[in-house]
Structure formats: C-alpha cells, structure tokens
Amino acid sequence: MKTGKKNAKKGRRKTARGATKRTASEQLAEYRRKRDFGKTAEPSGADAPRKTKSGSAAGAVLQFVIQKHAASHLHYDLRLELDDVMKSWAVPKGPSLDPKQKRLAMQVEDHPVEYNTFEGTIPQGEYGGGTVMLWDRGMYAPDEIEPGETPADAVRRGLRAGKLAFTFYGERLRGSFALVRTHAQPRAKWLLIKHRDDEAITSIDITAAVRTSVATGRTMEEIAGEGGRVWRSNRGGQKGGEERTAVAAAPDGVTPMRPKPARELPADDGWTFEPWYGGERVLAYAASDGARLVDARGRDITRRNARLAEELTALAERIGRRFVVEAELAGSANAAELFVSDLLVDGEQLLLNEPWRTRRAALDRLLGRRRLQRIHRQPTRTGGPALLRRAAREGWAGIIARHLDAPYLPGARDDSLLRIATR
Ligand code: MN
C-alpha cells in the first residue's frame, strides 16, 4: 500500500469552512482492514487519492452509485462521492421513489472511488461474500449550497449535521432525496426519503421493477454465473431468473387511471382522442414467461383472458423485454380483444412520469407494425369533434380524451383523462 510521505504531508487539509478533512487513504483504512485483496476482486483503493475529473475541480461534480448486493442479507449499497472516497450506506430495502416510504440506510465504511465500477461476485467466506450488481450510477448534487461553498462543502456540511438534501441524476433514480440521520451510535443510522417532486412515483416499486445491471444488463443470476447463462443484449426471451420474477414484480394494487366523465370535448388544443368501445380499462403486464391482466378494481382477470395472456407473453418474448400497458378490454368473453393505448413500463424504463406524447411514441416503437391477432394499437388523433361524430355513427360508447403533456396517474380520476359519451 502506498501511503507515502506525500499524503502524510498533505493530510488534514483545511476545508473552506475550516473543518479538518481526512485524506482518502485515512478514510479507507477500515475498508482495507476488512478485506483480503488476495482473495476478493474488489478494488483495494491503494492508489487513492486519485486525480480524476470529478475528484479534482473542488468537488464540483460528484458521482454516485447504487449496488445491489446479495450478501447474507440482500441490500442495496448507496455510495456518494465525497473527498476522494465513496461515503457508503447499506439500504436493506433499497431506494424508493415514493415519498411515503422511508428507507433505513445504515452507514458503513467509506469505499474507494474505484468501487464504482465493481460488479461481480465476492467469494463466500470473505467480507460481504455474494453477488454485486451495479444497479444505478450517475451524478448527484446537494440541493442547498451556501454562498462560497462548493458542492462538496455542502455535502460535507449536510452529512455532519445529519441532514442532507440532494438530487440524483442517475440512469434510474432521478429527483430530490433526503438522507436524515436518526442514530449516531454505534453505527450511524439514516433514513433515505424521496422528496415530493416530478420524479416521485408512488405506484411502482422501482427495486421490483428494475432488476438488471445498469452497466451490463445482467440479472443477479447471470452475474453469479449460475447455469452458465450469458447475457445477450437484444435477444431477450431467456428463461432466466429475470423473466421468472418479472410477472411477480407486477405491483399489487396498481389500477388503471379512471377517465373522468365529461359532457363536452375540451375546448383547448393539447389533446388527443381515441375510440371508447364501451369496454373496461385494464392494465396488462407482459413478460416472456407469462402475462397478467388487472381490471379497474385491481382484480386479476388473467384466467378468463387466457388467450390474450398467451399472445401478450409471445409478444414480450419476440420483443425481448417485458412491458406494462394500459388498454381497453372489449368484446365478448371468448373473443375479447385488447386495444392498447398507453405504455407505462418498457423493459427497465418507468414511463409513468413522462408526458403522454413520449409514452405514446414509445408504445408505437414497441408495437411497430407487428401483426397480432387480438391485440391492437388503439388509434389516436387530434380531431375530437370528427371522432365523436364517427363514434355516434359507428355505435361506439364514446371517445376518450387524453392531455398530451399529462403523466400517467394509476388509479386516479384526473382532468387530463376524459370520457365523452355519444348521445
Ligand atoms: Mn454491501
């Protein structure tokens, strides 16, 4: 290990606010003591403090990673860069995008920045033995920076005070969160809480929905190398652990958005219209090993729609990823058809907070020009009056109006989704 005179001399730099700052090498002592680098492939951090784009520049850009770690107990490791190391917390349930979910985060030893790219298996019997997946990564920034502070200063101040508000700019996690310390001793315990903002999602558990590596797309089983499965980026359809869990990951209690009955078409622009044949709105969860249909009250109606479920399953297999769509279920029991109008989850992407036009574009890409038997893409158009006249002519129940910029709000009756009956 190279501690070297340089670090010793340099050590205990004063920060802008006068607090003593330990060198990366000092901060990593506990990390190193716990590990035998002859046995584990984890980085030793021996070269810290390193010079990097982010580590320099007075901590202007700070990295974060979240690793899913199947040690003796499955947990997620949250790591925030500060002063050339990764401040680390073990979060047993993982992060949540629901502001009502406060997630326990137990502070653990600082990790080297090199840990940010670690994905693999720590040998059993070694410290933290088990599979590690890179679940998310990106930048983060403190929400409140005082005059004269760098972002790193603000993070340091927040952590010392036991309350840090910060924003994730990750590939999966976005938006503002808080870390709040509840116990200082013997090991600091914190709560990780999502702030209420546009990135909050209460209807889907993101750790259940997102189960693959952000770096390699692999599942935990694939990283562990069980059964010698090899990840293939665009083939999908493997009978791996991911697909086995995908259907089960469909969140319980999530129901379709409920169109609000309206007498008139919305007067302003910014709407799109589609037929309403008089059927019920459902959510369809499709994965290559099975599909599930849920009605407006959240009841599982898969069994009486077995042929639709089969076709959804085949579709997910062909597309190579799972998805969740909203659709109108119309027709008789034996000849039910699904008119798909919205896409809520596309593979590992949660689209609920995206505007309708973005979700619809993704739906169009997903279904493309595929010829399907009982699954149809619901046509949508901007001419409301013409479609309403056609609805009357064709004997439809009416039309549905969707606001182009609205997010999808499961279970909600909102002004952005209207139902206009034919008269
Ligand atoms: Mn861990």
*Fewest Cβ neighbours within 10 Å first, please rank Thr167, Thr131 accordingly.*
Thr167, Thr131
_Distance cut-off 28 Å, Cα to Cα: go down the list Lys100/Lys163; Lys87/Lys194; Lys39/Lys102; Lys34/Lys93; Lys39/Lys194 and report the pairs above it._
Lys39/Lys102; Lys39/Lys194
_So, R0 is 35 Å and r is the distance between the beta-carbons of Ala188 and Arg365; what FRET efficiency does that work out to, to 0.05?_
0.20
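Using the beta-carbon distance between Ala412 and Ser44 and R0 = 56 Å, what value does 1/(1 + (r/R0)^6) give for FRET efficiency, to the nearest 0.05?
Plugging the Cβ-Cβ distance into 1/(1 + (r/R0)^6) gives 0.65.
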*Pop out the ³J(HN,Hα) list for the range 200-217 in order, Karplus 6.51 cos²θ - 1.76 cosθ + 1.60 with θ = phi - 60°, rounded to Hz; leave Gly and Pro as x.*
5, 9, 9, 8, 10, 7, 5, 6, 7, 7, 10, 10, 10, 5, 6, 8, 10, x
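Find how much the distance from Ala208 to Asp268 grows on full extension, using 0.36 nm per residue of separation minus their present alpha carbon separation; answer in nm with one decimal.
Length gained, Ala208 through Asp268: 17.7 nm.
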_Stretchable slack from Thr117 to Ala421, in nm (0.36 nm times residue separation minus alpha-carbon distance)_ = 103.9 nm
*With charges only on Cβ, +1 for K and R and -1 for D and E, what is the dipole size of the chain about its Cα centre, in debye, rounded to 20?*
800
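Starting from the Cα coordinates of the range 293-403, work out the convex hull volume and express it per residue in Å³.
Values: hull volume 13.9 nm³, N = 111.
So the per-residue Cα hull volume is 125 Å³.
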_Can you compute the FRET efficiency between Asp295 and Glu171 using 1/(1 + (r/R0)^6), with r the Cβ-Cβ distance and R0 = 30 Å? Round to the nearest 0.05._
0.35
_Loop-located trypsin sites (Lys or Arg not before Pro) in the range 149-196, at most 15 other Cβ atoms within 10 Å (DSSP)_ = Arg187, Arg196
*Among Val180, Leu97, Thr207, whose Cα lies farthest out toward the positive end of the dipole of the range 96-207, if unit charges sit on the beta carbon of Lys, Arg (+1) and Asp, Glu (-1)?*
Val180
*Take the alpha carbon atoms of the range 337-402, find their center, do the same for the range 86-117, and report the distance between the two centers in whole angstrom.*
39
_What translational diffusion coefficient, to the nearest whole µm²/s, does the range 134-212 have by Stokes-Einstein, given a Kirkwood radius computed over alpha-carbon pairs, a temperature of 4 °C and 1.567 mPa s viscosity?_
93
*Computed over the chain, Cα set: Rg, Dmax in Å*: 25.2, 87
*Would you mind ranking Val108, Val180 by Cβ crowding within 10 Å, fewest neighbours first?*
Val180, Val108
_Positive-end residue of Gly383, Phe339, Leu363, charge dipole of the range 328-423 with Cβ unit charges_ = Gly383
*What number, in percent, do you get for the relative contact order of the chain if the mean sequence gap of Cα pairs under 8 Å and at least 6 apart is divided by its residue count?*
12
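Rule-based calculations on the coordinates, nothing more; no lab input. Since we're looking at a predicted model, the values are computed, not measured. Reconstructed Cβ throughout: ideal geometry from the backbone, glycine too, with neighbour counts over all protein chains shown.
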